[in-house]
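Notes for the one structure printed next.
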Amino acid sequence: MIRLLFFAHLGEQIGEREVMWPHVPETVKQLKDEVEERYGVSLGRVMTAVNEEYVRDEAPLHAGDTVAFIPPVSGG
Amino acid sequence: MTEPLFVITDRPISVEDVMKKVMRPEAGAVAVFAGTVREWTNGKRTLFLRYEAYVSMAEKMLAQIGAEIAEKWPGAKTAITHRIGRLKIGDIAVVIAVSSPHRAEAYEANRYAIERIKQIVPIWKKEQWEDGSAWVGDQLETTAYPSGKPEVKEE
């Protein structure tokens, strides 16, 4: 099980900010593909953070991870 | 207890409180930047803004920016507070204070901090206009991505 967090327009599109994902894919890339397919959203320009650290698509995932999908930021 | 230097808050920001966090005897300058909510962007009127953050990670990223500054400008000390929630025109969204022994470093480091915030800190701004709303999707504020794709050009 991993915890997924969705922000900004992603949270609105999916209708949930936080989702418990029962399957643990091997990599971030695989998770992105699964999430895109499940919710019909595009994660093309979305950055990913695992346990609050930015990671690349090749990064491995483990049970208990918190994965945040981070659309282009616009603070300041 | 020492006050935290890097804060996300849903309360109005006191410029003086942020500034005080970096004042110390070694400093000969404090540069303070306040980012405020602008009414007009490229001819379009904003009614209000809503900021959302991944709070725990955003505070970590603000601290990382402070560490980057301390490395690039030895002797500089940084404090940053960013507000989230609903903000009206003229409200302060972010305050950055940098103190340093001499003024040049404080100015440069302060500018660096706001540019880095727009790159790496997980905070998002939703613009509410008279005729709709959208999440602003990049730091140049030229493109909105209501569906994750570039669709609305503001220019």
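The values are calculated or read from the model by the stated rules, or taken from the named source; none is laboratory data. Every value quoted in this text rests on a predicted model; they were computed, and no experiment measured them. As a convention, Cβ positions derive from the backbone with ideal geometry for all residues, glycine included, and neighbour counts pool all protein chains shown.
Quick notes
- Looking across region B:15-42 at every residue that is more than 19 Å from B:Gly66 (Cβ to Cβ) and part of a loop (DSSP other than H, G, I, E, B), the one that is modelled with the lowest pLDDT is identified as B:Asn42.
- Condition met for A:Met47 (within 14 Å of another protein chain (Cβ to nearest Cβ) and either surrounded by 15 or more Cβ atoms within 10 Å (Cβ to Cβ) or more than 11 Å from the chain's Cα centre (by Cα) (or both)): yes
- Set side by side, the residues B:Val30, B:Val55, B:Val37, B:Val22 differ, and just one is surrounded by fewer than 17 Cβ atoms within 10 Å (Cβ to Cβ) and among the β-branched types (Val, Ile, Thr), which is B:Val55.
- Of all residues in region A:50-76 being away from chain B (no Cβ under 14 Å) and not basic (Lys, Arg), the one that is surrounded by the fewest Cβ atoms within 10 Å (Cβ to Cβ): A:Ala63
- The residue that is farthest from the other protein chains (Cβ to nearest Cβ), among those in region B:65-91 that are of a type in the set (Val, Ile, Thr) and in a helix (DSSP H, G or I), is B:Ile69.
- Scanning region B:93-101 for residues that are closer than 21 Å to B:Val7 by Cα, among the aliphatic types (A, V, I, L, M) and away from chain A (no Cβ under 14 Å) turns up at least one hit.
- Among the candidates B:Leu47, B:Leu62, residue that is over 19 Å from B:Ala134 (Cβ atoms) and either in contact with a strand residue (DSSP E or B) (Cβ under 9 Å, 6 or more places away or on another chain) or assigned to a strand (DSSP E or B) (or both): B:Leu62
- Of residues in region A:6-44 being exposed (fewer than 15 other Cβ atoms within 10 Å of the Cβ) and touching a Pro at 6+ places or on another chain (Cβ under 7 Å), the one nearest to the other protein chains (Cβ to nearest Cβ): A:Glu34
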